[in-house]
1. Working out 0.36 nm times the residue gap between Leu39 and Arg3, then minus their Cα-Cα distance, what length gain in nm do you get to one decimal?
2. So if each residue of separation counts as 0.36 nm, and I subtract the Cα-Cα distance between Leu92 and Thr60, what length gain in nm does that give?
Amino acid sequence: MTRLIGLLLLVMMIILPVSAQDEPIIAVETPPTSADVALERISLQLDGNAYNPVRPLFITNAGDGTDRLFLVLQGGRIFVMQNGEYILSEFLDLTDLVSAEANSQQYSERGLLGLAFHPDYAENGY
């Protein structure tokens, strides 16, 4: 019986302060979701006679205003595309630094899997 009285007092100590509040609790406004953000659609088509990339995984831009796209290959090579065409030279070749398994014809989760540019890449080149 004393346990029941103690439990009842504990519940009342929790409920009474909450019910004695003067102002109602204000709901937090939810931030916009990705559905609220307008995305620009791009179309990309590779020429059948152009270089055929092996296991392309990622494509991004540097945000430097040059409208270049950087195509990342799993084997460690990064190519530059502008106006939907390859520029003849590679942007970066990291094949010596990635796993040899990533350069084989077997599929794996190893290799160069992404690319990110510094937010001030247009100014600092990093």
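What follows is calculated from the coordinates using simple rules that are stated; it is not laboratory data. Keep in mind that this is a model prediction, so the values were computed, not measured.
1. Full extension from Leu39 to Arg3 adds 6.9 nm.
2. Here the segment from Leu92 to Thr60 would lengthen by 10.1 nm.
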